[in-house]
């Protein structure tokens, strides 16, 4: 629960940083903070209290479902959110690198990192 709250707080801080700042680098940092907060929220959704990693060994017990006779795993953390977060980290890193490359290019051509100095490029 605490991880979920920290993730939501990070998302709110990142959104505030992106919307209230005029410096392109600070906007990119705000985007990265939102990205990290989203990762924390996704991991917190897949967490099960008292559960173990989804690796089949002696710590995982198989239980029978009463009616169907199927065997199910009990007390295992869902691995899908963790896999999605690993993928999102790689994508977020690539997007952040692209944004920083754009910021460097804008600085070299316009000699400013203030977003208001690029009015002619807005649509």
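Using r as the Cβ-Cβ distance of residue 18 and residue 75, and R0 as 25 Å, what FRET efficiency do you calculate, to the nearest 0.05? Once rounded, the FRET efficiency stands at 0.05. Spatially, region 83-123 and region 1-45 are offset by 16 Å when compared through their Cα centroids.
The label-point distance for residue 52 and residue 101, in a model that sets each label 7 Å from Cα toward Cβ, rounds to 4.5 nm.
Placing a pseudo-label 7 Å from each Cα along the Cα-to-Cβ vector at residue 111 and residue 83 gives an inter-label distance of 5.3 nm. Normalised by the number of residues in region 1-52, the mean separation of alpha-carbon contacts (under 8 Å, six or more apart) gives a relative contact order of 45 percent.
We did not get these values from a lab; they are worked out from the coordinates using the rules stated. Given the structure is predicted, the values throughout are model-derived calculations rather than measurements. Every residue, glycine among them, receives a Cβ derived from its backbone with ideal geometry; neighbour counts consider all protein chains shown.
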